[in-house]
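Where a number appears in this text, it was derived from the coordinates with a stated rule and is not lab data. None of the values given here were measured: they were computed from a predicted structure. Here the Cβ positions follow ideal geometry from the backbone for every residue, glycine too, while neighbour counts run over all protein chains shown.
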């Protein structure tokens with residue numbers, strides 16, 4: 001395999017890894033349309049922030 005192809009594949013994995021929290025946010029936003037308590041919404045948003053921080057740290061360490 002050529003070096004150019006390997007760089008292309010690595011770039012696509014990086015883009016997928018970086019965009020994962022945003023895709024997860026869209027999915028969660030769809031399910032938040034149902035009526036729940038405010039405590040439920042706060043837990044979900046805090047959980048999304050933790051996931052986004054995790055992906056950010058892993059991106060900095062791996063790539």
Q) When ranked by the protection proxy of mean other Cβ atoms within 10 Å per residue, highest first, what sequence do the peptides 46-52, 33-39 form? A) 46-52, 33-39
Q. How are the C-alpha pair distances of region 18-62 spread across 5 Å bins, as whole percents from the shortest bin up?
A. 5, 22, 27, 21, 13, 8, 4, 2
